[in-house]
Amino acid sequence: MNPSTETAPASHEQEAAIGAPLPHESAELHVSGEACYTDDLPELAGTLHAALGLSRHAHARIVSLDLRAVREAPGVVAVLTAADIPGENNCGPVVHDDPILAIDTVQYLGQPIFAVVARTHELARRAAALAKSDDVVRYAELEAVLTAAAARDRKSYVLPPLHLERGAPARNIAAAPYRLAGEFEVGGQEQFYLESQVAYAVPKEGGSMLVYSSTQHPSEMQQVVAHMLDWPANHVTCECRRMGGGFGGKESQSAVFACLAALAAHKLQRPVKLRPDRDDDFMITGKRHDAVYRYEAGFDDEGRILGARIEIALRAGYSADLSGAVATRALCHVDNAYFLPDVEIIALSCKTNTQSNTAFRGFGGPQGALVTEVMMDGIARTLGRDPLDVRMANYYGIGERDVTPYGQRVEDNILAPLTAQLLASSDYHARRRALAQFNATSPVLKRGLAFTPVKFGISFNVPFLNQAGALVHVYRDGSVLVNHGGTEMGQGLNTKVAQVVANEFGLPLTQVRVTATDTSKVANTSATAASTGSDLNGKAAQAAARKIRDRLAELVARTLGGNAGDVRFEHCTVSTVDGAMPFTQLVNAAYLARVQLWSDGFYATPKVHWNAQTLRGHPFYYFAYGAAVSEVVVDTLTGEYKLVRADLLHDVGQSINPAIDLGQIEGGFIQGMGWLTTEELWWDRDGRLMTHAPSTYKIPAVSDTPACFNVQIYRNENVEPTVYLSKAVGEPPLLLSFSVFLAIADAIAAAVPDAPAPPALRAPATPEAVLDALDALAGGAYDPIATNAALSTDSTTNGVREHVSVSGTD
Ligand code: MTE
Ligand code: HPA
Ligand code: MOS
């Protein structure tokens, strides 16, 4: 079966065919508002509401904490501090350096110090706001380190530096015909899930607890709550029906909310809900790591890299959280699609007095690959070549030049055919010529075009995390219930898993339901992360379904005759060469014959291994590929720009559901574009995050989608035996957005054609950053008229928006 975007939309009454573009299993609930999120759960009688009192300083000693005024505030039932925690005061996932509530010192502005529990959400928030009063918390300020560069310069890290070296990069750079050295920086990114963090804890009999949590990692929530209460894990259950988005922000950082709701519920023996409002969520939780880079490359006259050195300083924030794995993934994605023969890569997890940065779609991969793409552009401009040609000259080869810096061979390389297909479908070369013509006659508006490829490693880069379990129940009426360890955050995991199970039994999707994720059903699950949700849980659910199917097939062979191995499950019917019967009838017969109609399934990804000391191994089961061509128009007077056209071609192996995969490709691209263009996190000099709401933090809107948006799935099959030969799709397409950023840089370069150096555009490329880059390139204040004096100036100077409304139809 071929994945095809042209397949007619199937109704979900139809068979749950693998490769059919079926709608998301909750699509109707999403749009009707019936889908139940954690905050929608009907509140039990006696439910109380919690809110958090936050630190006002980035780094300070708590001199005194006087909570009388908070306790006496209207509606307050209790106020809890670190002293109320019976077990471990930690919610850090790897290193135990993350206090649930600050004790003695605060390490970032926004850190929770106490929890208020009140009759209503509003009253809890009002009382918690008293944390701003000097009468409540007194501090002695300590020196705060706020930026990655500052922490790097004083060698202050949350974890030891990672250092990977192959060959003799320094020697090769020195001996190369051409050299380029530079610095670069990229901002962080707030996950901005539509549903904020939330937890609802319900005490149960005999000292046990049920925690509903909006989390990508129910097993981790169970663990941290149990450790905090000093209970065995079997006393804590965590459940998550769905999230309104996670994007990595709920992989570890749902913990502080789960813990504090559970602590309050335990102390008061009442159900307690904790839902921070958007501003508090921004102030408390970590984001994508921003980064500063230094790089150096030596290359030949075709732009082929002979040696490279790259240092990535990631802002980890005050604690380790997942920064070790993020830095490792950054290190393993510096190569992106390119063979770097002799190379040195350093990744630093810089300790700063800011929120503890965490997972965000791509998990350090985007931060690793971006600097190399910037370097590719720099090399091309140094040589006066099209960046496309330099990229292709550096591509991984097949059977040669195919070993990554960390020692894994690239065995599934499809970069060349994928690139060729996209260059043709996007009409790259003709548009490159048209752009040059346009720019030659347009003094103010400049167009830019960029092609960028993606190669993204799939698997958790911590090998033991690559495991999953599932339970499949077939009821007497033939309906099927599936539970697996993954979580649904909008990405369509439950739809894909249901399709896999339905397909095993030859049933329509309507006959299969997936339940909420629940730690009492599948134990010791991994986070739904690293894009592995359907790879892992799809395989586990398939294994469970196959066990039941095999038992049914045996029964059929016994009753109808023939071989169990030849029994077919199709169209709600089970058949052998000698006869057939409806699935439902067989299931009931199996029940009466005392055949087990439910089963577990387990999957562990083969082949993956990693040596954390040498930073060598085979961390990824396979790679996902893609490429994008983006075209922008930039107004060089205002720095504003518009993405006018984007062509994406992305590899998802053999798609289980092309409708869902296309949604992931488009969403990932647009989300990445937000990171590199408009989403700017800005801390003041005291370490106070000033952009903590949509009023000041600009995520892309519908109107930022390009008028011409061509998104295609590349026809391919995984070379590894993944579930139906599909590939993970959640994160890799985010990197396709590099093409937008580099198209803006291309337009800037076109504005100053004789510039001695490549443009130095920082990310995000806000209009301010664009103007700064123009000024830097022009060696002073950029003046479009003077710079373009030689051009014919008959084209008008109307701004980007008007221009685009005219040209967007092309
Ligand atoms: N898509 C939606 N709609 N919402 C999300 O929160 N998270 C992304 C991606 N796509 C996300 C999403 C991230 S960070 C990951 S790791 C994957 O989905 C996780 O799901 P998967 O492994 O099932 O693809
Ligand atoms: N992605 C997401 N989470 C992780 C990873 C990863 O690669 N490794 C460990 N936790
Ligand atoms: Mo995704 S960043 O691995 O949750």
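The values are calculated or read from the model by the stated rules, or taken from the named source; none is laboratory data. As the structure is a prediction and not an experimental result, all values here were calculated from the model. Neighbour counts are summed over all protein chains in view; Cβ atoms, including those assigned to glycine, are modelled from backbone coordinates with ideal geometry. When the accessible area is computed, the model is the full protein with side chains, heavy atoms only, and any ligands, DNA or RNA have been set aside. Shrake-Rupley method; radii C 1.70, N 1.55, O 1.52, S 1.80 Å.
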*So which GluC sites (Glu not before Pro) in segment 50-139 pass both tests, a DSSP loop state and at most 15 other Cβ atoms within 10 Å of the Cβ?*
E72
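Which chymotrypsin sites (Phe, Trp or Tyr not before Pro) from segment 394-437 combine a DSSP loop assignment with at most 16 other Cβ atoms within 10 Å?
Working: sites: Y395, Y396, Y406, Y428; in loops: Y396, Y406.
Listed in order of number, the matching sites amount to none.
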_Within the chain, longest stretch clear of exposed trypsin sites (Lys or Arg not before Pro) (DSSP loop, no more than 11 other Cβ within 10 Å)_ = 156-593
*Per Stokes-Einstein, at 10 °C and 1.306 mPa s, what whole-number D in µm² s⁻¹ belongs to the chain, with the Kirkwood radius over Cα pairs as the hydrodynamic radius?*
57 µm²/s
*List the residues whose amide H sits under 5 Å from the amide H of N353, counting only those 5 or more places along or on another chain, with H placed 1.01 Å from N in the peptide plane.*
V145, L146
*Kindly provide log₁₀ I(q)/I(0) values, in the same order as q = 0.17, 0.21 Å⁻¹, from the Debye equation applied to equal alpha-carbon scatterers of segment 467-604.*
-0.83, -1.15
*Suppose R0 equals 35 Å; then what is the FRET efficiency for T614 and V719 from their Cβ-Cβ distance, rounded to the nearest 0.05?*
0.85
*Hey, how many Å between the Cα centroid of segment 143-169 and the Cα centroid of segment 202-223?*
37 Å
*Each residue of segment 496-508 in order: what ³J(HN,Hα) in whole Hz does its phi give by Karplus 6.51 cos²θ - 1.76 cosθ + 1.60, θ = phi - 60°, with x for Gly and Pro?*
5, 5, 4, 4, 4, 5, 4, 5, 4, 9, x, 10, x
_How high is the relative contact order of the chain? Use alpha-carbon pairs under 8 Å, at least six apart in sequence, and give a whole percent._
15 percent
*Spatial separation of Cα centroids for segment 489-558 and segment 71-86, in angstrom*: 43 Å
*With every protein chain present, what is the per residue accessible area of the chain (1.4 Å probe, Å²)?*
37 Å²
*asked:* Restricting to Cα pairs below 8 Å that are 6+ residues apart, what does the relative contact order work out to for segment 467-604? Please round to a whole percent.
replied: 35 percent
*Just how much of W231 is accessible, in Å², when a 1.4 Å probe is used and the result is rounded to the nearest 10?*
50 Å²
*Determine the percent antiparallel among the DSSP beta bridges restricted to segment 467-604, to the nearest 5.*
85 percent
*What list of ³J(HN,Hα) values in whole Hz, one per residue of segment 717-734 in order, does the Karplus curve 6.51 cos²θ - 1.76 cosθ + 1.60 (θ = phi - 60°) give from phi, with Gly and Pro shown as x?*
10, 5, 6, 8, x, 6, 4, 6, 6, 7, 10, 4, 9, x, 9, x, x, 4
*How large is ³J(HN,Hα), in whole Hz, for each residue of segment 767-777 in order, when computed from phi with the Karplus curve 6.51 cos²θ - 1.76 cosθ + 1.60 and θ = phi - 60°, using x for Gly and Pro?*
x, 4, 5, 5, 5, 4, 5, 5, 4, 4, 5
*Amide H contacts under 5 Å for E570, placed H, 5+ residues apart*: S575
*For an R0 of 25 angstrom, estimate the FRET efficiency from the Cβ-Cβ distance between I699 and A516 and round to the nearest 0.05.*
0.35
_Cα-projected label distance for R61 with A27, points at 7 Å along beta-carbon direction, nm_ = 6.1 nm
*Could you calculate the contour length gain from A233 to L268, that is, 0.36 nm times the residue separation minus the distance between their Cα atoms, to one decimal place in nm?*
10.5 nm
*asked:* Using only the alpha-carbon atoms of segment 344-419 as identical scatterers, what base-10 log of I(q)/I(0) does the Debye formula give at q = 0.26 Å⁻¹?
replied: -1.31
*Output the antiparallel fraction of DSSP beta bridges having both residues in the chain, as a percent to the nearest 5.*
80 percent
*Of all the accessible heavy-atom surface of the chain, with the other protein chains kept in place and a 1.4 Å probe, what percent is carbon and sulfur?*
52 percent
*Quick one: which of K132/K698; K204/K727; K547/K727; K446/K698; K273/K521 span more than 32 angstrom between C-alpha atoms?*
K204/K727
_At 1.4 Å probe size, put T678, T605, T559 in order of accessible surface, largest to smallest._
T559, T678, T605
*Figure the gain on full extension for A420 and H96 (residue separation times 0.36 nm, minus the Cα-Cα span) and round it to one decimal in nm.*
111.8 nm
*Roughly what would the spin-label model give for Q437 and K607, points 7 Å off Cα along C-beta, in nm?*
4.7 nm
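To the nearest µm²/s, what D does Stokes-Einstein give for segment 140-277 at 20 °C and 1.002 mPa s, using the Kirkwood radius over alpha carbon pairs as Rh? Before the final figure, lay out each step's value.
On the way: Rh = 18.7 Å.
Reported coefficient: 115 µm²/s.
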*Quick one: which residues, 5 or more positions from R616 or on another chain, have an amide H under 5 Å from its amide H? H modelled 1.01 Å from N in the peptide plane, none for Pro or chain starts.*
N611
